[in-house]
Each structure stands twice: as structure tokens, then as C-alpha cells.
Amino acid sequence: MSSTAKAPEVVSRPEQVTVPPTTTGPHKQLEYVRFQPRYRVMHACMVLSFITLALTGLSLKFSYTGWAARLSRILGGFETAGFIHRSAAVLMFTVFIGHLADIVRTKKRQRRSWGEMLFGKDSLLLNGQDLREFLATMRWFLGLGPRPRYGRWTYWEKFDYFAVFWGIFVIGSTGLTLWFPILFTRLLPGWFINVATIIHSDEALLATGFIFTIHFFNTHLRPEKFPMDITVFTGHMPLAELKRDKPREYEELVASGGLEEHLAEPHQPIVVKTVRFFAWIALGTGFSIVVWIIYAMIFAYR
Amino acid sequence: MAALAFSRQAKEPAKEQPKEPAKAAEKKEDPSETCLACHSEKTMTTRHGKQTISLYVDGKRFAKSVHAELSCTGCHSDLDPDNIPHPTPAKVDCSNCHAQEGKQHAASLHGKALAKGDSLAPRCVSCHGNHDIVPVKDRDSAVAPLKVPFVCGKCHSEGTPVQQTRNIPQHDILTNYSESIHGEGLLKRGLTVAPNCASCHTAHNILPHTDPNSSIARKNIASTCTRCHSQIEEVHRKTIKGELWEKEAHVLPACVDCHQPHKIRKVYYAQGMADADCLRCHANDNLRSKDGRTMFVNAAEMPGSRHAKVACSQCHSEVNASRVRPCETITKKVDCSACHAEVAQQYQRSVHGQLHAKDDPNAPVCRDCHGTHKILGKRDVNSPSFPTNVPGLCANCHREGMKAAVRYKGEQHEIIANYSESIHGKGLLKSGLTVTATCTSCHTAHRELPKTDPESTVNPKNVPQTCGVCHNGIQEQFSHSVHAAANDHSGKQLPVCSDCHTAHTIQRADQDQFKLEIMNKCGRCHAAIAETYFETYHGKVSRLGYTKTAKCYDCHGAHDIRNVNDPQSHLSRANVVATCQKCHTGATRRFAGYLTHATHHDPRKFPFLFWTFWGMTSLLVSTFMIGGLHTLLWFPKAMQMRRELRAEEAREAAQSSADEKQAGREAK
């Protein structure tokens, strides 16, 4: 992410820092910083590793399609594809472990208890508020109520987050089994390799299918944000959008008086363009994979 | 009578035919003395027309003759000794005693001429003399072996009236004979057993060679010659075996076709001369048959050919050397089977031969493959049957679009093109390895039969044996495998070499394409097991087109596939871990428990896999249903939001930039 290197508006959490806002002239419309650079990098790495894993893995899963054979050739043959797959897995594990380490580090820096971390206001764990919002959302969907006033994390965002947790655990563990079968069969029976294959493969299908359709829609492709929401890459979101999309978070920030700490100048247009370019590739690849999966599942299945 | 009996036994009957027109029959009882009283007078003559004929009889010589015991009147029976001078007596008829010889002579060329009144025709006396006839074994006999040529030569040598005025096809008979091996033996070496004229022509039964009863008739020559050359077959074609010479003389060349009559020499010289006779006409490159075919024979081709020492007439066997155009008697095409009987038998059994028997114009005959006069051995690089030339030779008919390929209804196509690209074709045609299998190696050279024929070398039953001619070690392995017919009694159709390796597109087994295709080959019969294989990592990678993961043969073996219960199987309990270790160094027995043909569709066989799969599938389906429903419900609302947003943006655009600033301050 080139944007992270250039971004001078690194802003820390509102609770801690009480630096007065340094807004420049009124000409510039400041943007809300939703994701700090390390989270942008993390997501970009996730995107990279996930798509890579999907491409290399699915080429094996759908080996009976001509597509798969061609892709495998493009990727340099099954051995190279396998190497790429494992390298991407290492990257994803790194992101995963890095994220866990970051949580621990953040807890220490902020001197917060685990309870506070896990069940506090901005925790990603599902809580009662999410249940209420989910029910309200259902009413909204059915035209029985207004749009809920979502906070920093909506329940579907939390679901996505934990889906990744789950996915990394399930796919990762079975993947390691397949990577080191001789090691694992010291403890497990030989047929567990077969079981691991099924779990790895089907869970991967679930993950790719979910990410490239529902996740894409939920967070990037919603009509009001069409064609693309690049907040997760730039970290920035227009203030108006924050007000509209997550009114509760906005209100809470205003109420606490910490909003200005979370504002920053927009990125250079070139940065935004670069981000868009990257995002388009990711999006395009994702959709292609979906098309391929549908084709393989429906038309070429055997 | 003893003398008579003796002479018959000797088959050179010396007949006494004293045909003296005698008149001096004596009155004495002693027959000869009575007659000799007058006839011993040397000056005693009589006139017969204008001729003066001596009536002298040499009493001493008569006394030594075989007929000495007979009285003069024994032969001159119509003479009355008391009636002197005798009236002109009838000619002595030897057949009174020598009935058989007389009959033979009467039927012979000589006798018939005599009957017609031919003054040159010989009678008994012409050869045997009259009063001085001695036993044929006596060296003084006029028909003793050494003298026969000269007796015959009296009439049959150059310049005699007979030779000049009668139709005798041979010339220089006596000269040629005396220079021949027969004549030399007789005349120069004094070998009385050497054949003289009568040995071949017989003494009395002399017939023209056109007479079927003649000893020199074409069909009888062999038996005539073999009377002496009784084992000549042994030094001639082994296939002739004696019988054919006699039974099918019309097919085979007769002795005289090569060994010309009267000129027979020790060395086998005749063919050069015979060929030269043929080439008198056939060396002319403008020579055409009636239907326009060229009849030109390039004599220069012959010396290098396999048939360099074979005379024209040995193949073109119906020639008749006594004709001006010896070939005019030819009615049949060259029949190679006369010498190549075994090969011909194979050919007749082959598809080619069967078609030929039906007069199919497409049927190839010997010459279509081997050529005509310039036949070269299969080891000659210029021969069409030299290994590297064979595919091209067969291609003349079997290349796609050619006559054999057009009528062929089987599965093999582009045979020649495929073969040329196959391992065999490349080995033969590109690497020039003449030991590489060519068409004839599998299909045989002369006994090609369709695959469906149980005797065919390419019949599935026989294929392992056919391939095993070269791939002996593989055949040995295969013979112990589950696929060998000897080891399977299920009655199922078993694969043979060609089912996996194909017939004409055989590839190197270490090439990727082959390795990948082999799985489909196994899968043709082992469909279910192949299907499940493709659900595993090994199968999936293979299907992607890579060969490094285990294929059927990596675990089961290629030619030595045995039942997994067989201790010698690669997958037996004792061997399976080592088999895995070929690729997975460090593999353990538990590792070998990996299910290489697992399917998650069989709850009984693989319950773990079945339930894992359905568990995962349920999770997947439910997640998508919930997520999808959520999204679908959301969509209309999101569209609504989008419309509102656009409307708001339009309103904002209508406001001034000042308002925007104000909006910015408000936001703070």
C-alpha cells in the first residue's frame, strides 16, 4: 500500500490522544480516518494472499475443467502453483499472527483489561447491541422500520471478521496437515488426510464464495457505494458518509469531542487512483473466480 | 533262344535280321552250311532294279553272332533252299521274335516314317546290322553304348540328308552331345554308363517331344532324367521334393529349360545362354505386349538381384525352347510359389492372398512388394522390403485415402502417419534403427491377418507374444500379472499391450503424454476406481496435466500388476510402505493408510468422508442461504439509499460553494 507510506495523518485512538485538531484551511474537506495504516496493510495482505490461495487452490479443486489446467500452466505448473499456494498461506498466517500480536500489544499500550478489550464499546465481538441491530435491520429490510443507526462495527462486519478467524483456523489447520502429511500421520490415521482434504477444499469453497459475493456486496458493492468502497484500502471515508452510514459512531465521536482527532486531509488523487486500480484487479479476480466456480460446479461437475 | 532272352534283358536288343535277298539256300540240313555253300562267295551279287546287291554272307562272323544257332531260314523263312536261284525274298521281319521292339518301332517316329515309305527311315538293320549282330554288351555290337552316338549320328549329324531335309529342331546334335558332360563321359572317359542317345530318347520308342508319351515330352523329362539323376531334388530346390517335378511339370521348369538338350555341361552354364535367348527380344526397350505393356527387361538389373543366378525360364517356366519364340507357350504369370512354397502358403492364408484368390484387383501379389526382375534381399538397403522401406511400401496401399485404407472399416486411421510419429516409427525412420518394429514385425510379412482372426499375430490373444518377440522381458512380467489370460478366469476381456500402448501411436512410456493418457486407459475398464482416484490429490494433479504425482502404474506396477492380496504385489502389506516411499521419503505404515481411491459418496465404505463432506456442504449451503437472503433483502433498501443520496448530491450541487464551507464548519 503506497498510501500508507505517504499518509502523514496517522491518528491514534480517540480515547488516548487529546491533541487539538490541526485543521488546515477551510478549502480542504477533511475525511474521517476509519482504518489506521496497519489495518490497511493487513487487509491488503489478506486480499493478496486470499486471492492467491483461491486461484492456486481452486485450480486443483476444479482440475477437471480446462480452465484449471490453463491456470495451472500460467502459474508455472502444479509444483510452482503449490509453492505459491504455501507462500500465500505463510503470508496469511503471518497476518493472522500479526493481528493477534497487535491485539495483545494494543491491550498493553492502552492498559486495558481483557474484559474491556473484548466487551468494550468498539469490540468486534458480537453483543446484545448487535442482536438488537440485527432485528432492527430485519424490520428495515421488510419496510417495518427505519434504518438502524449503526455504530463503528455492524453485525455483518463482525461476522465477516470472525468468518476469517474461523476460516484461518479450519483451512489453515487442514492445510498444514496436507502440507506435512508424514508428520501428521505420526499421530493421525492415514484416512485423516482424506478428511482434511475435504474440509480444506469445501471450507475454501465456502470462504471464496462468501468473500467474493456477500462480503463484496456488503462492504464494497452496495448500490449506494457502487462501484466501489475503497475505505478499507485508503482508510479514509468522507465525513458525510460516516454520518449517513454509521450515525451512532458519528454521534458518539461528536459527543466525546474526539471527532477532530480522527480527521485527516484526503489522499493525493494519484494515491486514490492507485488504490482503485489495485481494488479493481482484486474485485475482477474475485468475480472471475466466482464465475469459474459456478461454471465448474454446475456445467462441468463430475 | 538264350541269346534272345539275354538281349531283351539288356534292353538293347540285338536283333538279327538277316535280310539278305539270298538265293543260295543249301540243300543240306545244316542250315547255315547249306546256304553258305553259295553265299560265302564274295562275288555273289544280284541286281535289284539298277542296283547291284552283294549276296555275300560272312560265315565266320555269323557263327559268332547271337543268331548263330538259328538257321538262315529262321529269319529268311520264305526262302526255299532247293529253289535256286531264290525269288526275291520278303524283308526279314524281326518282330516275329522281337515282338515288343517291333511294336515300339512301328509306333515310333522312325517306324511311322517307314510306314509312309520314307526312304530315309531306319529299320532294325539300319542300326543293328544283319548277320553279325552280337549281344549289346559286346563291345563290338553296333549298338554298344560307345557306338550309339555314331549309329544315330549316321543320320543325325550335320550335313546328313535327314538333318537337312527333315524337320529336326535341334542342330549340331552330335557335336553338342560329344562336348556335353554326357558325351564327354561316354566318349572321352569311356564311361559306358554315361547316357547316350538311347538313354533319353529310348532305343525303339523314339517319339517327338510334342508327343505326350515321349520320354522327352515336357512332362516326362524329369522322370527320364531322374532315372539316372535320381536324387537331383536334393541339390535343387528343397521345396520341390521330387514329386512336383513329375506331378506338376507344367508349372515347374523342366530339366531342359536350364540344361539344354545335348549341351548339358558340368557347370551350370545354360542359364546365361538361355537368358541371352530371351534378351534377344526383351532387351529392346520398345518391346510391347499386345495390350501395350512394356515387355522390356533391363538385363543390367539382374546381376545384383537375389535371382542373379536364376534363369528367365526358371520363373517364366512355360517356355518351350524348341519354339522360335520359346515364350509363346507361356500361359500363366510367374508363380513364385514354385520355389517359395512356404511363403506362398502363408500368403494364401493372408488377407492379401485371400483377396487375390477372389481376383480382387486391390490384392497385392508378390511383385507388388518385391518387384520383378530386380528383386533384392531384405537386407539390401535398396530393397523395398528393407526395414526402413517397409512403412513406405505398405503405405502405397494403407496410407489414408489409398486403396487399402479406403476399404478398411476398422478403428485404425492415419496408420502410416501415426506409425511414423510413434516410438517405433521414430526409431526406424528417424534414428535409422533397423531392428525397430516395422509393419511386418507385428503383422508378419506374408501372413497378414485381420485382428479378428484368431490366428492373426495382432489378435488380442496373440499380441503379448507378438510384442514379446522384441520386448521379451516385459512379456515375462506381463505373463504373471492379473491381466495375463493365463491368470484370469473371469471371462472378462483382458487388456493386452496394444490396449494401453495403442497399435500405431505407441509413445515412449517416459513421456508425459503417455503417462497422462495411461490413466484413461486403465479407467476404461476400472471406471469406478479411476473416478475415485481423480478425487484425490494424485488424480487432480494428474488431471491438471502433470506427471509427478502417483499414477496407476506408480503404485500398481505397469506390466507386473498383481492382485493386492498377492504377496508379490507392489501393494501387498509387505510392499506398500516401500511403494509409498518411492515418492514420500519417510512414509510410515500409518501414512500408507491414506485412501488413494477415496470417494465421499459412499457412506458405507467411507463414512468419515461421507459425513465430513455433507457436514461441510451443509455449512456451505446454510451460510450462503443466510448470507444470500440477507443480501437480497438488503438490496432494495440499498437502492433506495442510493437514489436518496443522488438526490441529495444534486441538491448540494445546486448550492453555492459558500454553503459548502458552511457545511464543512458545521461538520466540525
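The values are calculated or read from the model by the stated rules, or taken from the named source; none is laboratory data. Since the structure is predicted, the reported quantities are computational estimates derived from the model, not experimental observations. We place every Cβ from the backbone using ideal geometry, glycine too, and count neighbours over all the protein chains shown.
Data table
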item	result
Segment B:535-560, subset part of a helix (DSSP H, G or I) and more than 9 Å from every other protein chain (Cβ to nearest Cβ), residue nearest to the chain's Cα centre (by Cα)	B:Tyr553
Single unsatisfied condition, B:Lys426 versus (1) in contact (Cβ under 8 Å) with a residue 40 or more places away in the chain; (2) under 17 Å from B:Gln507 (Cβ atoms); (3) not in a loop (DSSP other than H, G, I, E, B)	(1)
Test result for A:Gly257, within 30 Å of A:Thr65 (Cβ to Cβ) and exposed (fewer than 14 other Cβ atoms within 10 Å of the Cβ)	no
Positions within segment A:219-236 being in contact with a helix residue (DSSP H, G or I) (Cβ under 6 Å, 6 or more places away or on another chain), in a helix (DSSP H, G or I) and surrounded by fewer than 21 Cβ atoms within 10 Å (Cβ to Cβ), in sequence order	A:Pro223, A:Glu224, A:Val232
Verdict on B:Asn389 being more than 20 Å from B:Met302 (Cβ to Cβ), outside any loop (DSSP other than H, G, I, E, B) and out of contact with any Asp or Glu (no Cβ under 9 Å at 6 or more places or on another chain)	yes
Verdict on B:Thr599 being of a type in the set (Val, Ile, Thr), under 22 Å from A:Ile214 (Cα atoms) and surrounded by 15 or more Cβ atoms within 10 Å (Cβ to Cβ)	no
Inter-residue pairs, beta-carbon under 7 Å, first in a helix (DSSP H, G or I) and in segment B:340-363, second among the basic types (Lys, Arg), 6+ apart	B:Gln346/B:Arg447; B:Arg349/B:Arg447
Members of segment B:565-593 found to be in a loop (DSSP other than H, G, I, E, B), within 14 Å of chain A (Cβ to nearest Cβ) and surrounded by 15 or more Cβ atoms within 10 Å (Cβ to Cβ), listed by number	B:Leu571, B:His584, B:Ala587, B:Thr588, B:Arg590
Given (1) of a type outside the set (Phe, Trp, Tyr); (2) surrounded by 21 or more Cβ atoms within 10 Å (Cβ to Cβ); (3) touching a residue at least 24 places away in the same chain (Cβ under 8 Å); (4) within 12 Å of another protein chain (Cβ to nearest Cβ), index of the condition A:Val195 fails	(3)
Complete set of residues in segment B:111-125 that are crowded, with 16+ Cβ neighbours inside 10 Å and part of a helix (DSSP H, G or I)	B:Gly111, B:Ala113, B:Leu114, B:Cys124, B:Val125
Out of A:Gly128, A:Gly115, A:Gly77, sole residue that is without any contact (Cβ under 8 Å) to a residue 40 or more places away in the chain and within 11 Å of chain B (Cβ to nearest Cβ)	A:Gly77
Restricting segment A:32-67 to residues that are closer than 16 Å to A:Ala204 by Cα and without any contact (Cβ under 8 Å) to a residue 24 or more places away in the chain, the residue that is farthest from the other protein chains (Cβ to nearest Cβ)	A:Ser59
Candidates B:Thr596, B:Thr623, B:Thr532, B:Thr631, filtered to the one that is outside the structural domain of B:His501 (by TED's automatic domain parsing), of a type outside the set (A, V, I, L, M, F, W, C) and in a loop (DSSP other than H, G, I, E, B)	B:Thr596
Boolean, B:Gly523 is under 17 Å from A:Ser63 (Cβ atoms), free of Cβ contacts under 8 Å to residues at least 40 places away in the same chain, of a type outside the set (S, T, N, Q) and more than 9 Å from chain A (Cβ to nearest Cβ)	yes
Residue tally, condition of a type outside the set (S, T, N, Q), assigned to a loop (DSSP other than H, G, I, E, B) and touching a Ser or Thr at 6+ places or on another chain (Cβ under 6 Å), over segment B:166-202	1
Among (1) within 21 Å of A:Val95 (Cβ to Cβ); (2) touching a strand residue (DSSP E or B) at 6+ places or on another chain (Cβ under 8 Å); (3) at pLDDT below 90; (4) not aromatic (Phe, Trp, Tyr) - the single one A:Gly235 does not satisfy	(3)
Residue in segment B:288-318 that is farthest from B:Lys332 (Cα to Cα), counting only those that are touching a Ser or Thr at 6+ places or on another chain (Cβ under 7 Å) and free of Cβ contacts under 8 Å to residues at least 60 places away in the same chain	B:Arg288
Unmet requirement for B:Asn205, which otherwise passes all of (1) assigned to a loop (DSSP other than H, G, I, E, B); (2) surrounded by fewer than 20 Cβ atoms within 10 Å (Cβ to Cβ); (3) in contact (Cβ under 8 Å) with a residue 60 or more places away in the chain	(2)
Residue list for segment B:285-305, restricted to those being of a type outside the set (Lys, Arg), farther than 12 Å from B:Thr372 by Cβ and not in a helix (DSSP H, G or I)	B:Asp285, B:Asn286, B:Leu287, B:Ser289, B:Asp291, B:Gly292
Unmet requirement for B:Gly410, which otherwise passes all of (1) in contact with a helix residue (DSSP H, G or I) (Cβ under 9 Å, 6 or more places away or on another chain); (2) touching a residue at least 12 places away in the same chain (Cβ under 8 Å); (3) in a loop (DSSP other than H, G, I, E, B); (4) small (Gly, Ala, Ser)	(1)
Test for A:His85: is it closer than 30 Å to A:Lys246 by Cβ and not aliphatic (A, V, I, L, M)	no
Looking only at segment B:602-613, and only at residues there that are in a helix (DSSP H, G or I) and more than 8 Å from chain A (Cβ to nearest Cβ), the one that is surrounded by the fewest Cβ atoms within 10 Å (Cβ to Cβ)	B:Pro607
Selection count where residues are at the interface with chain B (Cβ under 8 Å from one of its Cβ atoms) and not in a helix (DSSP H, G or I), scope segment A:174-187	2
